[in-house]
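**Student:** Can you keep this structure in mind? I'll have questions shortly.
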Amino acid sequence: MITLSEIVQKLSLEVAGSEGNLERRIVAGYASDLLSCAMNRAKKDYVWVTLQSHANVVAVASLLDLAAVIITEGNRPDEETLARAQREGVSLLLTPKTTFTVVGELTALGVRGEPEPSS
Amino acid sequence: MIPPLIVRRACRLGLGIIAVTDHNACANAEAVIRAADGTGLAVLPGMELQTREEVHLLCLFDTVEQCGQWQAEVWRALPPLANREEFFGPQYVVDADGEWVRTEERLLAASAEIGLEQAVARVHALGGLAIPAHVDRPSFSLLANLGMVPANLGADALEVTSRFQPEEGFSQWPELRAWPLVVNGDAHRLSEIQNRTLFKVAAPTVYELSLALRGAEGRKVAVDWHPTQS
């Protein structure tokens, strides 16, 4: 399983919010800009890719204990949201790339939409 | 939906206050206000803003001038795209008799580059009311797009659709219990105009409505959850 720091390096992501746990391992990925869908489909240790930068992104990531959120298309959370991410230990990874590109790169690195079946 | 027919339908339903809230636009509000002149129906000028998050936000004002100021801010925040009538329909501006005045060429079916909380704050600064629209809808809504009511939303109320059933709705979204709720028709056709939300106010103004939504100074708001007729 790939770690956050490997993804940060290979996708050239900017780390915002919490930097505390970049050695965390990612079990799978999910992409949607509807937070209600992310709440239903993303799970613990997933990376979530979205262009939304609203404060509720941090709330959802914290609630679900996601490994990280990648915020695409150059969207930047406001200072209050970044501070909240810091407090909640949520890693926000920023990129000017589109969600399509990011998901393609994650897939090439072996991240799938579902966790690998444990053997 | 031309102004005289909107006014006639609203009066027949026994409505005392309506708001005109076109998508990202307020150009038709004044015509409805004029059409209602002398009928006793109060018409608030407004807009259904589509925010950066694609959340629809009802913005209600006392005067056409306030609404026009808000429109100017929204124009600056909308992408400079032309409307495509074959996809989105024609965007007519009409007069009080429903006669064509002009066709808005800029695309109104887009998101303004204004965040939800920022929009609420700006509408308040202009003296208006800000109410996220049809929050229980699966698209273009606060709960679908943002998952939950944001902690620092600052809105005056939340609007639920006429399909909202309190027992199921409050069980699905318990946080809605803490909010003043209103039900409107979100009417795109005359037949969709609803009379479901009762305000106890001294006058049909933004200030009085805001008192009612807060339950202050004896003003009240109540929704008829179980209408006998649809």
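Coordinate-derived values only; no laboratory data. All of these numbers come straight from a predicted model, not from anything done at the bench. Ideal geometry is used to build each Cβ from the backbone, glycine not excepted, and the neighbour counts take in all protein chains shown.
**Student:** Explain nothing, just the number: dipole magnitude of segment B:114-230 about its Cα centre with +1 on each Lys and Arg Cβ and -1 on each Asp and Glu Cβ, in debye rounded to the nearest 20.
**Tutor:** Computed charge dipole of segment B:114-230: roughly 180 debye.
**Student:** Under the definition of partner shielding as Cβ atoms of other protein chains within 10 Å of a residue Cβ, what is the mean value for peptide A:48-55?
**Tutor:** 4
**Student:** A further question follows. What FRET efficiency, computed as 1/(1 + (r/R0)^6) with R0 = 51 Å and r the Cβ-Cβ distance, is obtained for B:Thr39 and A:Glu88, rounded to the nearest 0.05?
**Tutor:** The pair B:Thr39/A:Glu88 has a calculated efficiency of 0.45.
**Student:** Pull up all non-local amide H partners of B:Arg106: gap of 5 or more, or a different chain, and H-to-H distance under 5 Å with H placed in the peptide plane.
**Tutor:** B:Asn83
**Student:** Under a point spin-label approximation (7 Å from Cα along Cα-to-Cβ), what is the B:Thr205-B:Val101 distance to one decimal in nm?
**Tutor:** 2.5
**Student:** Compute the distance in nm between two label points, each set 7 Å from the Cα along the Cα-to-Cβ direction, one at B:Glu86 and one at A:Thr101.
**Tutor:** 3.1
**Student:** With a 10 Å radius around each residue's Cβ, average the other Cβ atoms per peptide and rank A:74-83, B:11-20, B:149-158, highest first.
**Tutor:** Packing order, densest peptide first, comes out as B:149-158, B:11-20, A:74-83.
**Student:** Around A:Met1, under 9 Å between beta carbons, what's the net of Lys plus Arg minus Asp minus Glu among the other residues?
**Tutor:** The answer is -1.
**Student:** Mind listing the phi-derived Karplus ³J(HN,Hα) values for segment B:204-215, rounded to whole Hz, using 6.51, -1.76 and 1.60 with θ = phi - 60°, and x for any glycine or proline?
**Tutor:** Residue by residue, segment B:204-215 yields x, 10, 4, 4, 5, 5, 5, 4, 4, 5, 8, x Hz.
**Student:** Kindly identify the protein assembly as shown as rounded, prolate or oblate by the Cα gyration tensor criterion: order the square roots of the eigenvalues as a ≥ b ≥ c, call it rounded if a/c is under 1.5, otherwise compare a/b with b/c, prolate if a/b is larger, else oblate.
**Tutor:** Numbers: a/c = 2.40, a/b = 1.90, b/c = 1.26.
Taking the square roots of the gyration eigenvalues as a ≥ b ≥ c, the protein assembly as shown is prolate.
**Student:** Let a ≥ b ≥ c be the square roots of the eigenvalues of the Cα gyration tensor of segment B:1-129; is it rounded (a/c under 1.5), or, if not, prolate (a/b larger than b/c) or oblate?
**Tutor:** Oblate is the answer for segment B:1-129, as a/c is 1.5 or above yet b/c matches or exceeds a/b.
**Student:** Each label point is 7 Å from the Cα along the Cα-to-Cβ direction; what then is the distance between the points at B:Ala151 and B:Glu167, in nm?
**Tutor:** Each label point lies 7 Å from its Cα, and together they span 3.5 nm.
**Student:** Counting only other chains, and only Cβ atoms inside 10 Å, what mean value do you get across the residues of B:139-145?
**Tutor:** Per residue, the number of nearby Cβ atoms from other chains is 3 on average.
**Student:** Same structure, new question: Taking the Cα centre as origin and putting +1 on Lys and Arg beta-carbons and -1 on Asp and Glu beta-carbons, what dipole magnitude results for the protein assembly as shown, to the nearest 20 debye? Intermediate values should be presented prior to the final figure.
**Tutor:** Numbers: 30 positive and 44 negative charges, 115 e Å.
Approximately 560 debye in magnitude.
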